[in-house]
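One structure is given below, encoded as structure tokens.
The values are calculated or read from the model by the stated rules, or taken from the named source; none is laboratory data. Since the structure is predicted, the reported quantities are computational estimates derived from the model, not experimental observations. Glycine also receives a Cβ, built like all others from the backbone with ideal geometry; neighbour counts cover every protein chain displayed.
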Amino acid sequence: MSVNIRIMQKGFFRRKKFIIDDLVKMSHLSFGVMDENCQLIPNQIGDHTILFDRKYLQRGIEIYIQNHDICLNLSLPTSMDEIQLFYYLVKVYCEYMDTDEFVKDDWLMDIKDIDLQMVYDKRTSADALMDLKSKLSDHKYFEIFGILHPISIGEKELNDFGTDLDLFGQYLHNQQALDAYYATPRIYNAHGRRIGMYALGANILTILPVEPYVVLNQFEGIEEWYVFMNDSLVKYRDLMSFIKKFDYYDANHRMVCLSKEEISEALNTLAIQKI
């Protein structure tokens, strides 16, 4: 679920000439692009760039140019702070384009409609959270995309913030502000088999999935999952069974920090010779 805004220039022969770099600079916000695992690559600009406030990490605002128009996209549900930031950018870019009008989801709007649209998007976000909770009986968790990386939301999370967007926003920020490495897999073809591999280093607080997966199911048919440590491999399920202490991160992730000694112990017991 998302909100899409298109800001068009008035007049055909007086079009402004601009590139995405100009628009990013104009926002005065932090920026980056998403990689194949939906993790942020900071300080890079692409055809589709993500804008965000580093002081309050939420879901991010996508900006891109299409047919000489400025397009903004905001994923819902999100916090009221990010909704306000989104419409602040709408005002900034409307002023830049010398227009008081914008198109929201195919409906022509006036800049005076913004306060009403923020109320509408706030209600839509709260309804979306309520809808997620109602569907939990059919799903273990739902994956939403934060500005830095995906976050898995389950019953515990939904019970904590309910439909309160302020609590939801604070949750998103707290999860992404942790000084931890969010591990994502690399996929390889080995001897005719497709395998997935995570990496784990010593004394690094690492966020690992309970159930390894590829975001958005970009790869299927993965026969085995591994963890790469100290130039050696262990099977993912064996390592997760071996680790004695985890801290909860979200509905499908746990945090672990292994010392050099603990990694050596795991490899002495679990290391495999070949795939």
For residue 87, which of the numbered conditions (1) crowded, with 16+ Cβ neighbours inside 10 Å; (2) under 26 Å from residue 180 (Cβ atoms) fails to hold?
(2)
So which residues in the range 135-169 are assigned to a helix (DSSP H, G or I) and without any contact (Cβ under 8 Å) to a residue 60 or more places away in the chain, if there are any at all?
136, 137, 138, 158, 159, 160, 161, 167
Residue 83: touching a helix residue (DSSP H, G or I) at 6+ places or on another chain (Cβ under 6 Å), farther than 20 Å from residue 128 by Cβ and of a type in the set (Val, Ile, Thr), yes or no?
no
Only one of 94, 71 that is in a strand (DSSP E or B) and either out of contact with any helix residue (DSSP H, G or I) (no Cβ under 9 Å at 6 or more places or on another chain) or more than 25 Å from residue 170 (Cβ to Cβ) (or both)
71
Out of all the residues in the range 18-47, which are at positive phi and either exposed (fewer than 13 other Cβ atoms within 10 Å of the Cβ) or of a type in the set (A, V, I, L, M) (or both)?
28, 43
Examine the range 53-65 for a residue that is touching a residue at least 40 places away in the same chain (Cβ under 8 Å), under 20 Å from residue 2 (Cβ atoms) and out of contact with any Gly (no Cβ under 9 Å at 6 or more places or on another chain), and state whether such a residue exists.
yes
Given the residues 72, 85, 57, which is the only one that is modelled with pLDDT of 95 or more and within 30 Å of residue 212 (Cα to Cα)?
57
Consider only pairs whose beta carbons are under 8 Å apart and that are at least six residues apart or on different chains; among these, list those whose first residue lies in the range 212-237 and is among the small types (Gly, Ala, Ser) and whose second residue is assigned to a loop (DSSP other than H, G, I, E, B).
232/271
Just the residues that are aliphatic (A, V, I, L, M), out of contact with any Cys (no Cβ under 9 Å at 6 or more places or on another chain), in contact (Cβ under 8 Å) with a residue 60 or more places away in the chain and surrounded by 14 or more Cβ atoms within 10 Å (Cβ to Cβ), please, taken from the range 179-201.
195, 200
Test for residue 22: is it at pLDDT below 95 and under 16 Å from residue 97 (Cβ atoms):
yes
Identity of the residue in the range 254-269, out of contact with any strand residue (DSSP E or B) (no Cβ under 8 Å at 6 or more places or on another chain) and in a helix (DSSP H, G or I), that ends up nearest to residue 201 (Cα to Cα):
260
Restricting to the range 68-85, give me the number of residues that are within 19 Å of residue 152 (Cα to Cα), out of contact with any Lys or Arg (no Cβ under 8 Å at 6 or more places or on another chain) and not hydrophobic (A, V, I, L, M, F, W, C).
2
